[in-house]
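Participant: My questions will all concern the structure given below.
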Amino acid sequence: MTVVLGIETSCDETAAAVVLDGREVRSSVVSSQIDLHARYGGVVPEIAGRAHVSLITPVITEALELAGMNHTGAGIDLVAATIGPGLIGSLLVGVSAAKALALVWGVPFIGVNHLEAHLLSPFLENPDLELPLVTLLVSGGHTLIVHMESATSYTVLGSTIDDAAGEAFDKVARYLGLPYPGGPVIDALALTGDPESIRFPRAMRNEGYDFSFSGLKTSVVNHVRKHPDVDSADVAASFQEAVVDVLVEKLGRAAIQVRARGIAIGGGVAANSALRERVAALGRRMDVPTYLPERAMCTDNAAMVAGAAWWRHPVDGDTGLDAPAWPSLRLRR
Ligand code: KG4
Ligand code: ZN
């Protein structure tokens, strides 16, 4: 049995978790800084870094205590932290804390790619899921379709050429005067709107696996300018429908191409109700299982970091204590 302490501080969540063998989540603590950033309409990097410094020790302490452990680190075999991508001042806090603990406790440090952590989050609940898998990774910074032959061997089939899906949600919400982060707010507002009321464009829907969402955002802005009395719930529902349509169309096409035996989603936008329903329906139509991590495992958390470290460690080995943080780290190609 391998027990991993995972730490996540790439953006505005300070998180720590204890996970056994990449599947049994003993504790997962997430302290969100949303309140600190909401008034600015987005994450302010300097505020995020400073908040991580204040929160990191209490959050790690709580994760250890909830798992029945303490600051001696007895029972912890590996300490993992997100090393990128993310905000440099935020990443450095988690990486430094993890390295210090690894050094003091005499256990290896594992630097985890945040995107791989999202990609592997479906394995936390379903370690024996059917392979090959196509996974849609949709977060605030990334939109990717990935063909996974195993947990550690994958190929990126497509990605966004401009805005990420979550970024589109956040920008449209901001334009509509809704609070940050926009995704959950649009999700809730869309429940009372008509998704067919406005026909927003579905860019590149039928071409390849790349995505483009910046034109959609512009059409929303243009539509609202032209029709200032439009119901925001209808705008939210129609916008969300356009995003989900493109995501699910490409996911389905990719699943057919690689003869996927499973379909998974991950990343903050994977918490979206409409997307979850449509992906579940796609799986039923294609007769393949779908893996939708519970909402708390879609948005940033440290259990996925600990889980990813457990999968990657046998392949990649220890990460040096002199390893830097990588703000623009990408998925391996
Ligand atoms: O994965 P995540 O927590 O952080 C990044 O790695 O980016 O994703 C955050 C993104 C934000 O853009 C947020 O608006 C979006 O995920 N999001 C949602 C929902 N919950 C979070 N988007 C649509 N519907 C949701 N329910
Ligand atoms: Zn994330």
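The values are calculated or read from the model by the stated rules, or taken from the named source; none is laboratory data. Keep in mind it's a predicted model, so treat the numbers as computed, not measured. Every residue, glycine as well, gets a Cβ built from its backbone with ideal geometry; the counts of neighbours run over all protein chains shown. Calculation scope for accessible area: heavy atoms of the full protein, side chains included, ligands and nucleic acids excluded. Shrake-Rupley method; radii C 1.70, N 1.55, O 1.52, S 1.80 Å.
Participant: Name the one entry in Arg174, Arg205, Arg199 that is in contact with a Gly (Cβ under 6 Å, 6 or more places away or on another chain) and among the charged types (D, E, K, R).
Facilitator: The unique qualifying residue is Arg174.
Participant: Residues Arg23, Arg50: which one is within 19 Å of the chain's Cα centre (by Cα) and surrounded by fewer than 20 Cβ atoms within 10 Å (Cβ to Cβ)?
Facilitator: After applying the criteria, what remains is Arg23.
Participant: Shifting gears a bit: Exactly one of (1) within 28 Å of Tyr180 (Cα to Cα); (2) surrounded by fewer than 24 Cβ atoms within 10 Å (Cβ to Cβ); (3) in contact with a Pro (Cβ under 8 Å, 6 or more places away or on another chain) is unmet by Thr218. Its number?
Facilitator: (3)
Participant: If we scan region 86-97, do we find a residue that is in contact with a Phe, Trp or Tyr (Cβ under 7 Å, 6 or more places away or on another chain) and not assigned by TED's automatic domain parsing to the domain that holds Gly268?
Facilitator: No, region 86-97 has no match at all.
Participant: Hey, can you tell me all the residues within region 73-129 that are open to solvent by less than 20 Å² (accessible area, probe 1.4 Å), within 13 Å of ligand 2 (Cβ to nearest atom) and not in a helix (DSSP H, G or I)?
Facilitator: Those that are open to solvent by less than 20 Å² (accessible area, probe 1.4 Å), within 13 Å of ligand 2 (Cβ to nearest atom) and not in a helix (DSSP H, G or I): Thr82, Gly84, Pro85, Val112, Asn113.
Participant: So, in region 56-81, exactly how many residues are closer than 21 Å to Leu321 by Cα and in contact with a Gly (Cβ under 6 Å, 6 or more places away or on another chain)?
Facilitator: Qualifying residue count, region 56-81: 2.
Participant: Mind listing whichever residues of region 90-124 are of a type in the set (Ser, Thr, Tyr) and in contact (Cβ under 8 Å) with a residue 40 or more places away in the chain?
Facilitator: Ser90, Ser121
Participant: Consider Ala164 against the criteria (1) of a type in the set (A, V, I, L, M, F, W, C); (2) within 16 Å of ligand 1 (Cβ to nearest atom); (3) more than 18 Å from the chain's Cα centre (by Cα): it satisfies all of them except one. Which criterion is unmet?
Facilitator: (3)
Participant: What tally of residues in region 146-175 results from selecting those that are closer than 19 Å to Leu120 by Cα, away from ligand 2 (no atom under 16 Å from the Cβ) and either free of Cβ contacts under 8 Å to residues at least 40 places away in the same chain or outside any loop (DSSP other than H, G, I, E, B) (or both)?
Facilitator: Within region 146-175, residues that are closer than 19 Å to Leu120 by Cα, away from ligand 2 (no atom under 16 Å from the Cβ) and either free of Cβ contacts under 8 Å to residues at least 40 places away in the same chain or outside any loop (DSSP other than H, G, I, E, B) (or both) number 10.
Participant: Working only within region 269-291, note down all residues that are under 19 Å from Ala188 (Cα atoms) and crowded, with 16+ Cβ neighbours inside 10 Å.
Facilitator: Val269, Ala270, Ala271, Asn272, Ala274, Leu275, Arg276, Arg278, Val279
Participant: Which of the residues belonging to region 242-268 are open to solvent by 10 Å² or more (accessible area, probe 1.4 Å), under 18 Å from His142 (Cα atoms) and in contact (Cβ under 8 Å) with a residue 60 or more places away in the chain?
Facilitator: Within region 242-268, Gly268 is the sole residue that qualifies.
Participant: Looking at (1) more than 16 Å from ligand 1 (Cβ to nearest atom); (2) in contact with a Ser or Thr (Cβ under 7 Å, 6 or more places away or on another chain); (3) in a loop (DSSP other than H, G, I, E, B); (4) not polar (S, T, N, Q), can you tell me which one Gly22 breaks?
Facilitator: Answer for Gly22: the failing condition is (2).
Participant: So which of Leu178, Leu251 ends up being assigned to a helix (DSSP H, G or I), within 16 Å of ligand 1 (Cβ to nearest atom) and of a type outside the set (Phe, Trp, Tyr)?
Facilitator: Leu251
Participant: Is it true that some residue in region 164-174 is open to solvent by 40 Å² or more (accessible area, probe 1.4 Å) and touching a strand residue (DSSP E or B) at 6+ places or on another chain (Cβ under 9 Å)?
Facilitator: For region 164-174, residues open to solvent by 40 Å² or more (accessible area, probe 1.4 Å) and touching a strand residue (DSSP E or B) at 6+ places or on another chain (Cβ under 9 Å): present.
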